[in-house]
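Participant: There's a structure below that I have some questions on.
Coordinate-derived values only; no laboratory data. Bear in mind that the values here come from a model prediction, so they are computed numbers and not experimental data.
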Amino acid sequence: MPTAPFGIRENVTITGTSYAIALALQILGYALALAVVPAISRTLSRTDR
């Protein structure tokens with residue numbers, strides 16, 4: 001979950017392992033979104049004939 005829009009980044013200092021985990025979760029979230037959005041788009045664009 002991106003933290004910037006919620007103002008969390010200014011209130012919390014993340015360092016070390018916690019930073020690595022947070023970064024990995026954000027990358028995983030974006031990768032999942034990039035995989036799911038085209039799949040949904042492809043599914044919705046199919047027409048039953």
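Participant: Tell me, what ³J(HN,Hα) does each residue in segment 13-30 have, in order and in whole Hz, if you take phi through Karplus 6.51 cos²θ - 1.76 cosθ + 1.60 with θ = phi - 60° and put x for Gly and Pro?
Facilitator: 10, 9, 9, x, 5, 4, 5, 4, 5, 4, 5, 4, 5, 5, 4, 4, x, 5
Participant: Non-local amide H neighbours of residue 14 (under 5 Å, H modeled in plane, Pro and chain starts lacking H): which ones?
Facilitator: It is none; the list stays empty.
Participant: Right, something else. Full extension from residue 23 to residue 37: what is 0.36 nm times the residue separation minus their Cα-Cα distance, to one decimal in nm?
Facilitator: 2.9 nm
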